[in-house]
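Colleague: One structure, as structure tokens, below. Some questions next.
Each value in this text was obtained by applying a stated rule to the coordinates, not by laboratory testing. Just so we're clear, the structure is a prediction, and the values are computed from it rather than from any experiment. So basically every Cβ, Gly included, is an ideal-geometry build from the backbone, and we count neighbours across all protein chains shown.
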Amino acid sequence: MKAAILESLDNLSVREVPEPEIDDDAALMRVEAVSICGSDVRILHHGNPRVEPPTIIGHENSGVVVKTGKNVTRVKEGDRVSIGADVPCGQCRWCRDGLGNNCHINYAIGYQIPGAFAQYMKLPRLVLEEGPVTPFDASLSFDEAALAEPLACAINGLELINMSLGKTVVIIGSDRSDV
């Protein structure tokens, strides 16, 4: 399969790599859409301590499950799914109490877990058990579903500032399209 491999800082190459193999507790997703997050750009240019090249980055994605291991129950072949970025460990105090968003380990797709800048992506047991794997139907396009994670970030920001109709918002930024 083709994949964009982060070889080193400022070095991303598209090349043929083996298709991921799955075990009894994993699934294989054919990537249909992936977007480029600001985090991906920062990883490319500045690195990240949780990302060890060579690796496949990319975490805003959607696709179709094409294969499942015999123990997989969360998804089935043919499911259209969007995969979020953060994957709690499932073992720490926070995770055991149902507060995985506070997990101190907090694995991530495209960081410790190979990402979606590829034709296929393995969904290992941890992702299927703890990660944000969200099925969606054909009324949503793959491109739209790939934007679910950044949309969730924006909604979270609005909730944190208690935004509602009738409130005033100031947006500060460049109006230049070439920035």
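Colleague: Taking only pairs that are 8 or more places apart or on different chains, how many Lys pairs in the chain have Cα atoms under 17 angstrom apart?
Modeller: Lysine pairs meeting both conditions in the chain amount to 5.
Colleague: Quick one: dipole size for the chain, taken about the Cα centre, charges +1 on Lys/Arg Cβ and -1 on Asp/Glu Cβ, in debye to the nearest 20.
Modeller: 260
Colleague: Which option, [x] 51; [y] 57; [z] 38, is the value of percent of Cα pairs over 22 Å apart that was calculated from these coordinates?
Modeller: The value matching this structure is [x].
Colleague: For the range 64-80, what does the Karplus curve 6.51 cos²θ - 1.76 cosθ + 1.60, with θ = phi - 60°, yield as ³J(HN,Hα) per residue in whole Hz, taken in order and with x for Gly and Pro?
Modeller: After applying 6.51 cos²θ - 1.76 cosθ + 1.60, I find 10, 6, 10, 7, 10, x, 5, 9, 7, 10, 5, 10, 9, 4, x, 5, 8 Hz.
Colleague: While we're on this one: What list do you get for 35, 139 if you sort them by fewest beta carbons within 10 Å?
Modeller: Working: 35 16, 139 6.
Ordered from fewest to most neighbouring Cβ atoms within 10 Å, 35, 139 come out as 139, 35.
Colleague: Report relative contact order for the range 2-160 in percent, whole number only (criteria: Cα-Cα under 8 Å, sequence separation at least 6).
Modeller: On the way: 343 pairs, mean separation 45.6, N = 159.
The value is 29 percent.
Colleague: Return 117, 142 ranked ascending by Cβ neighbour count within 10 Å, so the fewest neighbours appear first. Working shown, then result.
Modeller: Numbers: 117 24, 142 18.
Taking fewest neighbouring Cβ atoms as first place, the list is 142, 117.
Colleague: Could you sort the peptides 76-84, 162-170, 16-24 by per-residue average Cβ neighbour count (10 Å cutoff), highest mean leading? Present the calculation step by step, with values, prior to reporting the outcome.
Modeller: Numbers: 76-84: 18.0, 162-170: 6.2, 16-24: 13.1.
My ranking of the peptides, most packed first, is 76-84, 16-24, 162-170.
Colleague: For a quick check, take a GNM of the chain with Cα springs below 10 Å and name the residue from 138, 26, 146 with the largest mean-square fluctuation.
Modeller: Greatest mean-square fluctuation among the candidates belongs to 138.
Colleague: Among DSSP beta bridges lying fully in the chain, give the percent that are antiparallel, nearest 5.
Modeller: 95
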